[in-house]
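A.B. asks: The following block contains the structure, expressed as structure tokens.
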């Protein structure tokens, strides 16, 4: 009888401990998920012809900045088409007007990052406008309802029409009637008067359509003083062939094109080119490569100018009276320098607002800052630089939370915990110990399966090539797969230096990007082992002599 009672006690204790220890641990692990896609999209009909969308922003952006959101609508076939390419705003709400009463509409949202890549889509959300649909909030003033829409319109041949202003009604109709390869970008609401209408925009589009078998439009945008990002729309007519990559060409002069990548080896329609010279204009074109060893005709040409970096004024300690005549030169004659303005929040929650630093310092800050520090409200500015990279890192170190001190021990030595408590039944003690051990093992197992295993299972796709510059060996990495986090390149056991930052710190190598390192001078006439690491994991090892030439 006593044995049965003891067994019953064990079962009850195990069940209660599971509920109190293991289940809360699992639940706690799910309450703060890191998501790299928008979440909790909700569609609400607010009138017989309008649906309002709202969602939560991604919480894991891998150091990139959200500059807007892409909105897609589901067709009857089940496929999605792009309704808005980029809202141009970080607001997590959007209104869609001009809808048909009684028709069900389904939408999904993707974040647009500062490198022109997009996140994965959110959950789909559906709504049906009815005659009784009404807003749950007060109706905005009529001035907001009648505001116009300003945007840039680029047909498939790449001939952009900038600063188009349409009424809300014409804009919504344009989204439905435009060619699927025409691109609408830089969208904002404006009180400026309209300068176009739906009919003229569609006529302009029809006059600037390119062959459906070539990529287009190709659009180039500057990302920094040394980088330009390219993106384009894939051909819509491939005649049964499969695109396996794209060829990227740089226009050196009229009719003179240099191939900078003969095959990207993926169907991604985005590409980053760097390192480039600050303040220079570059022109590119792309061609699709098919699985039957043929290539499409090239796209339109697209140009962009890298940002200008500031150059410190020369300080000559030997200046004499003869040089004072130059001091009368007005300050306005110095070229305007574009810097970066942002808010910087350290791990302890302290925020430094309106920081202005040079473009080069900003790029390095993103690489070497504490992952817990947050950079927000980023914009380009011509304001005077008010900080430096070294100053921000020092500020971050001062405001990094330290490990919490151990609680003070009791000053009363007359409170021994074991001598004053009654003896614990050994059976119950053993059961509690076993349950705690089971809980710890369960938590560790869950963590390994959901966190570490996923990271280990990630497949990386990248190519490596060597080239000689100024008598020094370099290595170039072209990443066509997922982001390589905290990447370093080792030459035998020596860490190589990244050519753009002049640092050997770990960095993220994003999808579609090109990164380069300089090898130590001692590798001349030797064949060192080159190792590529993502964090502590070795992704690839190869001898220098076995590497392809770039």
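A.B. asks: Specify the residue that is surrounded by the fewest Cβ atoms within 10 Å (Cβ to Cβ); the eligible residues are those in the stretch 189-205 that are in contact (Cβ under 8 Å) with a residue 24 or more places away in the chain and more than 25 Å from residue 94 (Cα to Cα).
C.D. replies: Step one: filter the stretch 189-205 for residues in contact (Cβ under 8 Å) with a residue 24 or more places away in the chain, giving 189-198, 201-202, 204-205.
When the remaining residues are screened for being more than 25 Å from residue 94 (Cα to Cα), the result is 204-205.
On the way: 204: 16, 205: 22.
Step by step, filter the stretch 189-205, then rank; the result is 204.
A.B. asks: Within the stretch 344-393, can you find the residues that are outside any loop (DSSP other than H, G, I, E, B) and more than 27 Å from residue 278 (Cβ to Cβ)?
C.D. replies: Of all residues in the stretch 344-393, those outside any loop (DSSP other than H, G, I, E, B) come to 344-345, 351-368, 374-381, 389-393.
345, 351, 353, 374, listed by residue number.
A.B. asks: I need the full set of residues from the stretch 515-529 which are in a strand (DSSP E or B) and either within 14 Å of residue 467 (Cα to Cα) or modelled with pLDDT under 90 (or both), in order please.
C.D. replies: Filtering the stretch 515-529 for residues in a strand (DSSP E or B) gives 515-518, 529.
Matches in the stretch 515-529: 515, 516, 517, 518.
A.B. asks: May I ask you to list the residues in the stretch 181-192 that are under 20 Å from residue 97 (Cα atoms) and out of contact with any strand residue (DSSP E or B) (no Cβ under 6 Å at 6 or more places or on another chain)?
C.D. replies: 189, 191 - these are the residues of the stretch 181-192 that are under 20 Å from residue 97 (Cα atoms) and out of contact with any strand residue (DSSP E or B) (no Cβ under 6 Å at 6 or more places or on another chain).
A.B. asks: Would you check if there is a residue in the stretch 31-42 being under 29 Å from the mean Cα position of the chain (by Cα), at pLDDT below 85 and assigned to a helix (DSSP H, G or I)?
C.D. replies: Scanning the stretch 31-42 turns up at least one residue that is under 29 Å from the mean Cα position of the chain (by Cα), at pLDDT below 85 and assigned to a helix (DSSP H, G or I).
A.B. asks: Looking at (1) in contact (Cβ under 8 Å) with a residue 60 or more places away in the chain; (2) assigned to a loop (DSSP other than H, G, I, E, B); (3) surrounded by fewer than 18 Cβ atoms within 10 Å (Cβ to Cβ), which is the one condition that is false for residue 512?
C.D. replies: Condition (3) is where residue 512 drops out.
Okay, residues lined up against (1) buried (at least 21 other Cβ atoms within 10 Å of the Cβ); (2) touching a strand residue (DSSP E or B) at 6+ places or on another chain (Cβ under 7 Å); (3) within 30 Å of residue 501 (Cβ to Cβ):
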{"position": "212", "(1), (2), (3)": "no, no, no"}
{"position": "244", "(1), (2), (3)": "no, yes, no"}
{"position": "255", "(1), (2), (3)": "no, no, no"}
{"position": "259", "(1), (2), (3)": "no, yes, yes"}
{"position": "268", "(1), (2), (3)": "no, no, yes"}
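A.B. asks: Please specify each residue of the stretch 118-140 satisfying the condition of being modelled with pLDDT of 85 or more and either assigned to a loop (DSSP other than H, G, I, E, B) or more than 24 Å from residue 85 (Cβ to Cβ) (or both). So that I can check it myself, show each step before the final result.
C.D. replies: As a first pass, look at the stretch 118-140 and keep what is modelled with pLDDT of 85 or more: 118-130.
Result: 119, 120, 121, 122, 123, 124, 128, 129, 130.
A.B. asks: If the requirement is being out of contact with any strand residue (DSSP E or B) (no Cβ under 7 Å at 6 or more places or on another chain), modelled with pLDDT under 75 and either within 30 Å of residue 34 (Cα to Cα) or surrounded by 13 or more Cβ atoms within 10 Å (Cβ to Cβ) (or both), which of these qualifies: 440, 435, 431? Walk me through it before giving the result.
C.D. replies: Working: 440 fails: modelled with pLDDT under 75; 435 fails: modelled with pLDDT under 75.
Sole residue among the options that is out of contact with any strand residue (DSSP E or B) (no Cβ under 7 Å at 6 or more places or on another chain), modelled with pLDDT under 75 and either within 30 Å of residue 34 (Cα to Cα) or surrounded by 13 or more Cβ atoms within 10 Å (Cβ to Cβ) (or both): 431.
A.B. asks: Tell me, please, whether a residue that is part of a loop (DSSP other than H, G, I, E, B), surrounded by 14 or more Cβ atoms within 10 Å (Cβ to Cβ) and modelled with pLDDT under 85 can be found in the stretch 141-155.
C.D. replies: We begin by selecting, within the stretch 141-155, every residue part of a loop (DSSP other than H, G, I, E, B); these are 141, 146-147, 155.
From the residues that got through so far, the ones that are surrounded by 14 or more Cβ atoms within 10 Å (Cβ to Cβ) too are 147, 155.
So of that shortlist, the ones also modelled with pLDDT under 85 come out as 147.
Yes, the stretch 141-155 contains a residue that is part of a loop (DSSP other than H, G, I, E, B), surrounded by 14 or more Cβ atoms within 10 Å (Cβ to Cβ) and modelled with pLDDT under 85.
A.B. asks: Go through the stretch 43-67 and give me each residue that's within 19 Å of residue 511 (Cβ to Cβ) and outside any loop (DSSP other than H, G, I, E, B).
C.D. replies: Within the stretch 43-67, 66, 67 meet the criteria.
A.B. asks: Are any residues in the stretch 341-356 surrounded by 16 or more Cβ atoms within 10 Å (Cβ to Cβ) and either modelled with pLDDT under 75 or in contact with a strand residue (DSSP E or B) (Cβ under 6 Å, 6 or more places away or on another chain) (or both), and if so, which ones?
C.D. replies: Selection gives 341, 342, 344, 345, 352, 355, 356.
The values are calculated or read from the model by the stated rules, or taken from the named source; none is laboratory data. Values in this document were obtained by computation on a predicted structure and should not be read as measured data. Note that each Cβ is placed from the backbone with ideal geometry, even for glycine, and that neighbours are counted across all protein chains shown.
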